[in-house]
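Rule-based calculations on the coordinates, nothing more; no lab input. Computed from a prediction, not measured in an experiment: that's the story for all the values here. Quick reminder, even Gly has a Cβ in these numbers, built from the backbone with ideal geometry, and neighbours come from all protein chains shown.
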Amino acid sequence: MKLESYINGQWAAPGRDFIEVRSAVSGDVVAEATSGGLDMRGILGHARNTGGKNLRRLTFHQRADMLKKLAQYLTERKDQLYKLSFQTGATRTDNLIDVDGGIGTLFVYAGKGRRELPNSTFLLDGAVEPMGKAGTFAGQHIITSLHGVAVHINAFNFPCWGMLEKLAPALLAGVPVVSKPATVTSYVAHALARMIVESGILPEGAFQFIVGSTGDLFDHLTCQDVVSFTGSADTSEKLQRHPVIAKEAVRFVAERDSLNAAILAPDSGPGTPEFDLFIKEVAKEMTVKAGQKCTAIRRVLAPSAYVEPVIAALRERLDKVVIGNPELETVRMGPVVGLEQRRDVLANVKALRTEAELVAGDPDNFDVQGADVTRGAFLPPLLLHCADPIRATKVHSVEAFGPVSTVMGYSDLDEAVALTNRGGGSLVASVYTHDPKVASDLVFGVSSFHGRLVIIDRDCAKEQTGHGSPMPQMVHGGPGRAGGGEELGGVRSVHHYMQRTAVQGSPRMLTGVTGSWTKNAPVIEKDRHPFRFHFEDLDVGQTFYSKERTITLEDIEHFAHFTGDTFYAHMDEEATKGHPFFPGRVAHGYLLLSFAAGLFVDPDPGPVLANYGLDSLRFIKPIQPGETIKVRLTAKEKSPRNKQYGEVRWDVEILTDKDESAATYELLTMNAVRPQA
Ligand code: NAP
């Protein structure tokens, strides 16, 4: 199979230079990747001029729907990806992480895009900031899609998840993608890319796929592009040093290697559930994907007194791991990705063995099921023990990217923290304790060196998602050695492909630009109540001023006894003497809200279908019996939802008859669209 790139809306004819890609299991050639010869400037141009424009026309909700359709399309075809992935050494469980995990990430982003982003093409960031006493000048931050390209360079270990977890936030942000897989597993990524293209779900130019070298692509990057790289620290450093990256200040997200730690706490000795969870997790992280996970546990920290039982328990577990052909149901661990990778791992183990002793596994003597050990890139799990981790350096810096971990003892929590942080910045650490105080000491000791921390104990044992699994809702990345990048984390990563801009001007201008009514901007008064307008006929700024209502002591008493809220500030004049907030008995805040609704609601059936909540409620001035209130209700924002209705956000202010603000909030309603003739 000759692997082609997908560029400028078509599959490129294979070039002349081929790289043979071999099966990790049998060593046979499974594909040939073409390297080089592509017009990188043209590829970026197609993404910017066609893909970017097509995506930016869509709202966040439309892009989210696209992701959901794509996820459904891929789900129906995932068995094809499984089949190919076996050749990379991945077992069925490994494929669950790579293939299903990748598709699941698309689903999560589709859901988040719908629920957490507006149905528009840009975001408002924070509230309007008033910047003048008279209210004629203000500022609002907006977040808009970059007009460039998301260049995604992936590592070999997760050809599907790696591509999809980067694709989802970029497309949701409205930025087209050029995706480059690692060559050694590019036949799996290629199959996935073919499915994405054949689905026809993404607009033209939104997705391109490069097999082989990136050629001179970096020479043509601009300040509007984002490079998101996953791979080794060496490659990352090389790419980040490209002069165009510095000159154009191209955003560069780096996800690199990492010496992640698992920390067994002093309260979790043998016999506790946490000890068992720790052993299970370390063994799992060593063997899933044959340890080729950036998040795998490389350093196993335990109180010195527990080091021996930890090694004994791990040895017992690892001895049972069946190694071999990943297609077999009985096989727990497949080979590493190729013979070169195997050589790298063994070289790094050799370096580690200058500071640590091999205590489980023998690379020269182990059984393999259903495959030829001399042809595949097989390794057994290799457990080391470092007796002097304080003086050692390699165990904290050499990443053997295979089924390899090193156990090390610590004397107290301070030492555990210091050793953990010797990783120089890691993607993840996990802590095994049932004591929140111990967890707190460890979390605050190591958090600034880590992107993610998992606290595992008996309470969450069944549901915990694991040390090594980045979840789309939570950030993935880490400082220092781990690359200093951040991915995932829900909509946080959508922002990585967007620009925050402070826009300053008069309230009228801000309203006109953002489509969100801003205080002190002109209002629109019409002859009918705003609740009588269908969604598309309602103008932002349309306002209703209510009549007034005087609050009596009887109202307060009635409300108190009716609802059961007889809090002293509403009932007991004596008790409010000297109170810092209340000058005497005051009306309930909820009474004010209820009266406000009574003042502004237009009761007859009409386009307003439902009130579905309040945001940003503040009670500003207490209202005493005898005072008079009134309400201003202004349509602030409109967000289309579907063919039947849209969401309207109303700016509501409860005022006294002297125009003092008593309460402010935003009211959310669903308004019907005009019935089609
Ligand atoms: P790698 O050798 O650094 O390669 C990573 C990617 O960079 C591949 O797509 C590779 O393409 C590409 N690349 C290499 N040289 C390049 C160049 N000069 N210009 C443009 N692209 C270039 O890493 P790997 O061996 O694939 O992955 C293993 C490493 O990745 C481990 O260290 C692991 O810890 C790390 N990793 C990190 C994460 C994370 O999220 N932090 C996730 C997974 C893996 P070719 O294959 O075509 O050379």
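Table for the structure above
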read-out: In order through the stretch 378-388: 3J(HN,Hα) via Karplus (6.51 cos²θ - 1.76 cosθ + 1.60), integer Hz, x for Gly, Pro; value: 8, 8, x, x, 10, 10, 10, 10, 9, 7, 10
read-out: Cα pair distances exceeding 20 angstrom across the stretch 376-510, given as percent; value: 60
read-out: Rg/Rh (Cα only; Kirkwood hydrodynamic radius) as it applies to the stretch 31-184; value: 1.09
read-out: Distance cut-off 14 Å, percentage of C-alpha pairs in the stretch 617-677 lying past it; value: 62
read-out: For the chain, calculated [θ]222 nm from helices alone, where every DSSP H run of n ≥ 4 adds -39500 (n - 2.57); value: -9000 deg cm²/dmol
read-out: Rh by Kirkwood over Cα pairs, then Stokes-Einstein D for the stretch 163-269 at 1.567 mPa s and 4 °C, µm²/s; value: 81
read-out: Contact order normalised by residue count of the stretch 523-672, Cα under 8 Å, 6+ apart, percent; value: 29
read-out: In the stretch 451-508, the GluC sites (Glu not before Pro) that fall in loop regions by DSSP, at most 14 other Cβ within 10 Å; value: GLU463
read-out: Relative frequency of Cα-Cα separations exceeding 13 Å in the stretch 401-456, percent; value: 61
read-out: Amide H contacts of ILE455 (H built 1.01 Å from N, under 5 Å, at least 5 apart or other chain); value: VAL431
read-out: For the stretch 137-201, projected area of the alpha-carbon convex hull averaged over all directions, nm²; value: 5.6
read-out: Stokes-Einstein D in µm²/s, Kirkwood radius over Cα pairs - the stretch 219-323 at 20 °C with 1.002 mPa s viscosity; value: 129
read-out: Cβ-Cβ FRET estimate between ILE524 and ALA127, R0 fixed at 22 Å, reported to 0.05; value: 0.50
read-out: Residue (of MET474, TYR497, VAL359) at the positive-pole extreme of the chain, dipole from beta-carbon charges; value: TYR497
read-out: Rg/Rh ratio calculated on Cα atoms of the stretch 102-230 (Kirkwood radius); value: 1.09
read-out: Debye intensity ratio in log₁₀ form over the Cα atoms of the stretch 523-672, taken at each q of 0.10, 0.11, 0.16, 0.22 Å⁻¹; value: -0.39, -0.47, -0.87, -1.34
read-out: Whole-percent pair-distance distribution, where bins are 5 Å wide, for the alpha carbons of the stretch 261-466; value: 1, 8, 17, 20, 21, 15, 10, 6, 2, 0, 0
read-out: Relative intensity, log₁₀ I(q)/I(0), of the stretch 526-568 from a Debye sum that treats every alpha carbon as a point, q = 0.28 Å⁻¹; value: -0.99
read-out: Where only C-alpha atoms are counted, convex hull volume of the stretch 1-64 per residue in Å³; value: 118
read-out: Amide H contacts of LYS519 (H built 1.01 Å from N, under 5 Å, at least 5 apart or other chain); value: none
read-out: Length-normalised contact order for the chain - Cα pairs under 8 Å, 6+ apart - percent; value: 13
read-out: Residues of type aspartates and glutamates that LYS462 reaches as a straight line, Cα spacing below 16 Å, ignoring anything fewer than 8 places off in the same chain; value: GLU274, ASP276, GLU281
read-out: On Cα atoms only, tilt of 339-352 relative to the major axis of the chain in degrees; value: 90
read-out: Within the chain: Cβ-based charge dipole about Cα centre, in debye rounded to nearest 20 (Lys, Arg +1; Asp, Glu -1); value: 1760
read-out: q = 0.12, 0.21 Å⁻¹, the stretch 88-137: log10 I(q)/I(0) [Debye, one scatterer per Cα]; value: -0.54, -0.82
read-out: At 0.890 mPa s and 25 °C, Stokes diffusion of the chain via Kirkwood alpha-carbon radius, µm² per second; value: 86
read-out: Principal axis box of the stretch 369-435, alpha-carbon based, largest edge first, Å; value: 47, 30, 23
read-out: Positive-pole candidate from ASN8, LEU259, GLY148, dipole of the chain, charges at beta carbon; value: ASN8
read-out: Among PHE559, GLY334, TRP650 the positive-end extreme of the charge dipole of the chain (Cβ point charges); value: TRP650
